[in-house]
1. When you scan segment 339-356, how many residues do you find that are surrounded by 13 or more Cβ atoms within 10 Å (Cβ to Cβ), of a type outside the set (A, V, I, L, M, F, W, C) and not in a strand (DSSP E or B)?
2. As an exercise: evaluate residue 222 against (1) among the hydrophobic types (A, V, I, L, M, F, W, C); (2) buried (at least 17 other Cβ atoms within 10 Å of the Cβ); (3) more than 30 Å from residue 193 (Cα to Cα) and give the number of the one condition it does not meet.
3. Could you tell me which of the residues 336, 325 is of a type in the set (S, T, N, Q) and outside any helix (DSSP H, G or I)?
4. What are the residues in segment 277-307 that are more than 17 Å from residue 459 (Cα to Cα) and either among the polar types (S, T, N, Q) or touching a strand residue (DSSP E or B) at 6+ places or on another chain (Cβ under 9 Å) (or both), if any?
5. Just one of 196, 189, 167 is out of contact with any helix residue (DSSP H, G or I) (no Cβ under 7 Å at 6 or more places or on another chain), part of a helix (DSSP H, G or I) and farther than 17 Å from residue 440 by Cβ; which is it?
6. Being more than 28 Å from residue 146 (Cα to Cα) and in contact with a strand residue (DSSP E or B) (Cβ under 9 Å, 6 or more places away or on another chain) is the filter here; which residues of segment 327-360 pass it?
7. Quick one: which residue in 293, 286 is closer than 27 Å to residue 369 by Cβ and touching a Pro at 6+ places or on another chain (Cβ under 9 Å)?
8. Residues 101, 43, 86: which one is modelled with pLDDT under 85, over 27 Å from residue 243 (Cα atoms) and surrounded by 10 or more Cβ atoms within 10 Å (Cβ to Cβ)?
Amino acid sequence: MKPLLPASLGVALLLTGCKVQTTYQKPKLEIPAKFSQGSTTEAKGLESNAWWKAFGDPTLDTLLSRAIQGSLSIQQAQARVLQARATLGSAKADQWPAVNATASGTRSNTSDNAYGYATPTTSLYQAGFDATWELDLFGGKRKAREAAQARLEASVEDLGDVILTLQGDVATNYIALRSNQALLEITRQNAESQRQTAEVTEERYRLGLTSYLDVAQAKAQLSTTSSEIPSLEASVKQSIHRLGILLGQEPTALAGELSQSSALPSAQGLIATGLPSELLSRRPDLRKAERNLAAAMADVGVAKADLYPKFDLTLGLGLQSLQASSFTKAASRYWSIVPGISLPIFNRGQVKAEVAQKQAVYEEKLAAFQASYHTALEDVENALTSYYAEKGRHQSLEDSLRHNQEALSLAQERYRRGLTSFLDVLTAQTSLHTAQSSLSQSKARLLTDMVALYKALGGGWKAV
């Protein structure tokens, strides 16, 4: 009988012209020349790892550092990287022969009635190696390795996205904490000022200089302002609780170090955003989507390879003997070569359906990647719009605060002279409180918009 191996290889060589063609190319996107606002002149100097340094807040610096070390979300993402790395190792190992070592000793006696005559008791001793290797003539295993490599890279980008999100969340909640503390301090100061006004009004009432209506109005305003304090205190605690969780600790773990009020961070200068085309290399979620797209294309190649024959080769080498005494002699050696070939025939329709399914998955991933890029552009544009709009509002609120301070001072002076009613004082106090709160909230919103811009740009901006 002629060896099967040359014939099998001959068939394989005839079919190599049908080798799977699924070469991946990064998709082309329609990219605008620049963003609608912001500077592009300093794009090469954009901060990528320490954007928060522009805020000049040592406490925020410390919290962000501790968050990276303690976050349970990061630990989960790191575990996913390890899983993907192990999958890649398995895909690489699958391209090499599988070698097994075996050893056995058998002693047997066949029934005398099986063959009509007595059979002797026999022994068989055997040890050797078996190696099986599937020849990757049509690239199926290579494509599986490419898919595993792309998914490993996607998991690394996922880790970067988790870190990016975590840093943004820590900064946002820290700003919310300091904002609520500032509002709480403003409210308490206004409540104290209104309490003193109420005392003065009561004294004037006892002297017969005013009616009790003024006293009632003063106390009513004091009660209204005081009612805001409990909800602001609750907001402060909730921000501290959230920061504790983000750092991988229990909710009240940071209460001791963050309960003391501190000023809001500050950042000055224009915003350098870079170019829209740079988002593809800067945003980890876009890099992750692109790597998943590459993996999907490789999966198409794996499925297509199943349409073609599979060739495998099994080699055996070892020792075999009926006697233990002759087991190690040269005459006990044996070897075998078993080539094999399999070709889908009756399940070819199923394999084609699998190829179509993988191709559809690729098309889905392609549309998702394009949609992710459009969303990224929208994120940047929205953050820029919010930032510059709030910046103009902030300037107006500064003017409003100054004018309301002057108005209250004049109203109090005129009331003491009996030139105006107490209602003017109450109105001026309310307006001042509103202006102070709005200005503080505006500053916090500016900082939050800057954090949102950092996340949208994929890792920073530069104050120039």
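The values are calculated or read from the model by the stated rules, or taken from the named source; none is laboratory data. These numbers were taken from a predicted model, which means no experiment stands behind them. With ideal geometry, Cβ positions are generated from the backbone for all residues, glycine too; neighbour counts draw on all protein chains shown.
1. Total satisfying the criteria: 3.
2. (3)
3. 336
4. Correct list: 292 only.
5. 196
6. Result: 327, 328, 329, 331, 332, 333, 334, 335, 336, 337, 338.
7. Testing whether each residue is closer than 27 Å to residue 369 by Cβ and touching a Pro at 6+ places or on another chain (Cβ under 9 Å) leaves just 293.
8. Just a single option satisfies the conditions, and that option is 43.
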